[in-house]
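For reference, the structure discussed in these notes is given below.
Throughout, read-outs are computed from the coordinates displayed, never taken from laboratory work. Just so it is clear, the structure is predicted and the values come from calculations on it, not from any experiment. For neighbour counting, all protein chains shown are included, and Cβ atoms are generated from backbone atoms with ideal geometry for every residue, glycine included.
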Amino acid sequence: MRKSTLKFGLIGVLLIFAIVPSIILGLVGTFATINYSKDVRENELAAVSLSKSGAIDALFSGYTEGAASLAKMGAVIENAEKNNNAAENELKAFISESGDIIDALIVDKNGVVLVSAKRSQTGNFEHYDEGGLLSVSGLLTWESYQTDAFYVSHAIKGASGNEAGYVVFIVSVNANSGIGRALNGTYLDGRAYLALVDSDGNTVNFGASGSPMNSGQLDGAFKGEVRHIFDSTNVTDKNSAENMKTGKTGKLSFVYGIIPDVNTWRWVGIADSTALTDFASQRNIIIWAAVAVVCVLALLLAFVIIGKFVNNMQQMLREMSNINTDEGISSSMRFDTKHDKSELGAIKNSFNEFLDEVVLNSERYRTIASLSDNMLFEWDFHKERMYVSDNLLAKFDLNISNATLSNGRFLDSLMEQEFADKYKRDINTLLKNLTNYTGEYQVKTRSGAVVWISCKATCITNRLGEALRVIGVLTDIDNEKKLEVQLSERASYDFLSQLYNRSTFIKKLTTQLDRRGPNKVGLMFIDVDDFKFINDRYGHAVGDEVIRFVADTIRKKVDDRGGFAGRFGGDEFVLCYTNQDDVANLEQIAMDIIDELYVGYTTADDMLINVRASIGISYCPQHTEDCNELIAYADTAMYFVKKNGKTNYHVYVPEDSASGEYEDPEFEVGK
């Protein structure tokens, strides 16, 4: 009866400790997976949609600026006032440079087409409104061009200052247009896409079907949201994550935002709502399948293992009850194994040997440790046991019961991953060569402090060259190492900005590129605009304050985000981003830096200095995987900004280097 009680009791305990935690883990994993997956997918929908909308912003800005530019040309004004076709060649030249513009027209203030670059319209403008033309129309059907398109217009001011007519662009939305290419593609595993919606509910999108969608193809519930989308956004705001809105209707989840200064269009990132939760559902099935497997295996193993060993355990327990333990562990404590040749006898014999070793080693290490400040450890290959000195256990929080030299439960459990990997490589080298080794590592003490130690170990072999033991000595070298690190760090930083100097930044960037794996790396090259003017006008002391102000500003953009920054000398700074969310949002970060620098700071003399900067951006592996080229490309992109108005950012494209026009003559990576 006692035997059965022990067996089923142990089985019950094993099942409780195996099944209950598995169920709890499954429940926790289910809720965590659902919430985390939904948050990740919603963030991905918002981030990708906002990123793709940037191209839309640029296209609309280009159209409106082009129309405004033409409206100011003398030939266009003359054409509008005199109806003499003076601007026909200018219109043709303009649309020949833009594949998006179907036709360019000059329309008088009464809606009469004066000239058409394609000569597709005569008489009254096809979509003229007596109240005047919109700056940007919604999606319209054009009989003149046999397609759907929208128009962009700009008023022409005559010589007297009166309105003489309009410059009008008919802008294509087909698959090969700029709009089509910007909208092309899906995300969230092909279940989300970017669309343009006009105030009449017409939709343009090439991601889901490869051809424009009109209002008839919109989900019925979503069509009711169009008015709210327009009413809840303001085109005078900035198209940014802060001003982006979200919504949900029917089977769709969506995010939306404005196109700056365009009243008639909004961008919308639309996703099938199931795309936000399917991933979690799939993972939850796996979780619960794993829980079920664990429970079944635990039940089977409990019966097999406990049933096999319970008899021997009962017998060994009876023998152990006869050992007098009043005086603790001593050499007099033994199992009688003289006539026992069974497996239980082998266990008893091993236990006797264990008692002998415990007593011997306890005395040995106690004596050695008392004579030295060094901390000792010993690994026995035969018994697969670790022994350590008392002063080592007093200093470090270790449980050596299941520890081996490098299974993550000995010294490597006290180290960060970098040092743990180095320690394991050193141990493997020691065991391979069966010789001595010395290594230095950072470990965490029982108090939580991180200190440097030196580890010296040697491998003891038998006469056949087989490893028997590894004996090691640990020495606290924290004071010496910290002094060495301090001296090294001082040589790694730029004195004025307290950022990495050129050589240190390049070393860290090279290391980052070597170990990035599939991740992307973003690089930003910043140059202060007109820094020489600041030095000349306000003096070098203020110039130094400007350098420190710029350094403090960009430091806030990389601290605690996985990135790092450096100063290449003078007014040149570099930033490296490794956080994938930051890399995807690098252009917005660049604009934030430009804006924060321009806010400026007040000097000790109570003088406000507004700092302007030009920023170049390059990416690995998109542009290159070479450290020097990555920096050079970012510098070229920065120089592009310098040559085109300053105080802006630019992402490197190969064309920047083709002509050599934007190569910085003063820049050398290794200088």
With N set to the number of residues, divide the alpha-carbon radius of gyration of the stretch 580-671 by 2.2 N^0.38 Å and report two decimals. 1.22
Explain nothing, just compute: Karplus ³J(HN,Hα) = 6.51 cos²θ - 1.76 cosθ + 1.60, θ = phi - 60°, for every residue of the stretch 163-173 in order, whole Hz, x for Gly and Pro. 6, 9, x, 9, 8, 10, 10, 9, 9, 6, 10
Part-to-part distance (alpha-carbon centres) for the stretch 580-653 and the stretch 377-449, which is given in Å: 46 Å
Summed residue charge, Cβ within 9 Å of Phe573's Cβ, Lys/Arg positive, Asp/Glu negative: -2
Which value, in debye to the nearest 20, describes the size of the charge dipole of the stretch 398-518 about its Cα centre when Lys and Arg Cβ atoms bear +1, Asp and Glu Cβ atoms bear -1, and nothing else is charged? 260 debye
So which aspartates and glutamates can Lys223 reach, going by Cα to Cα under 16 Å and dropping same-chain residues fewer than 8 places off? Asp198, Asp200, Asp231, Asp272
Backbone HN-Hα couplings from phi across the stretch 388-398 [Karplus 6.51/-1.76/1.60, Hz, Gly and Pro as x]: 9, 7, 4, 5, 6, 5, 5, 8, 10, 7, 10
Amide H of Leu140 versus every other amide H placed in the peptide plane: which residues, excluding those fewer than 5 positions away on the same chain, fall under 5 Å? Ala149, Phe150
Just the ratio, please: alpha-carbon radius of gyration of the stretch 557-634 over 2.2 N^0.38 Å, N its number of residues. 1.25
Just going by the charge dipole of the stretch 481-623, with Lys and Arg at +1 and Asp and Glu at -1 on Cβ, which of Ile534, Phe568, Gly517 is farthest out on the positive end? Gly517
Only four residue types carry charge here, +1 at the Cβ of Lys and Arg and -1 at the Cβ of Asp and Glu. Report the dipole size of the stretch 511-629 about the Cα centre in Debye, rounded to the nearest 20. 280 debye
Give Lys38/Lys245; Lys482/Lys557; Lys383/Lys444; Lys556/Lys646; Lys432/Lys507; Lys444/Lys482 a once-over and call out the pairs whose C-alpha atoms are over 25 Å from each other. Lys482/Lys557; Lys383/Lys444; Lys432/Lys507
If the reach is capped at under 17 angstrom between alpha carbons, list the aspartates and glutamates near Lys348, excluding any in the same chain fewer than eight residues apart. Glu319, Asp336, Asp340, Asp356, Glu357
Taking a ≥ b ≥ c as the square roots of the Cα gyration tensor eigenvalues, with a/c under 1.5 meaning rounded and otherwise prolate when a/b beats b/c or oblate if not, the stretch 451-535 comes out oblate
Excluding residues fewer than 8 positions from Lys92 in its own chain, the lysines with Cα under 26 Å of it are Lys72, Lys82, Lys109, Lys118, Lys157
May I ask you to order 102-114, 638-650 by the average number of other C-beta atoms within 10 Å around their residues, highest value first? 102-114, 638-650
What length, rounded to one decimal in nm, is gained on full extension from Asp231 through to Gln146, with 0.36 nm per residue of separation minus their alpha-carbon distance? 27.4 nm
Distance between Cα centroids, the stretch 506-570 to the stretch 134-169: provide it in whole Å. 46 Å
Sequence-distant or interchain residues sharing an amide H contact under 5 Å with Val115, placed H: which? Ile106
Sorted by chain and number, the residues with a modelled amide H under 5 Å from that of Tyr649, at a separation of 5 or more or across chains, are Ile615
From the phi angles alone, apply the Karplus equation (6.51, -1.76, 1.60; θ = phi - 60°) to the stretch 582-590 and give each ³J(HN,Hα) in whole Hz, x where the residue is Gly or Pro. 5, 4, 5, 10, 5, 5, 5, 4, 4
Share of Cα-Cα pairs in the stretch 401-460 beyond 18 Å, whole percent, is 33 percent
What's the local net charge at Gly543, with K and R +1, D and E -1, over the other residues with C-beta under 13 Å away? -2
Which value results when the Cα radius of gyration for the stretch 68-166 is divided by 2.2 N^0.38 Å? 0.99
Residue-count net charge about Arg561 - beta-carbon cut-off 14 Å; Lys, Arg +1, Asp, Glu -1: -2
Global form of the stretch 48-103, assessed from the alpha-carbon gyration tensor, a/c cut-off 1.5: prolate
With the convex hull built on the Cα atoms of the stretch 384-494, state its orientation-averaged projected area in nm². 8.1 nm²
Suppose we look only past 25 Å in the calculated P(r) of the stretch 488-608. What percent of the Cα-Cα pairs does that tail hold? 26 percent
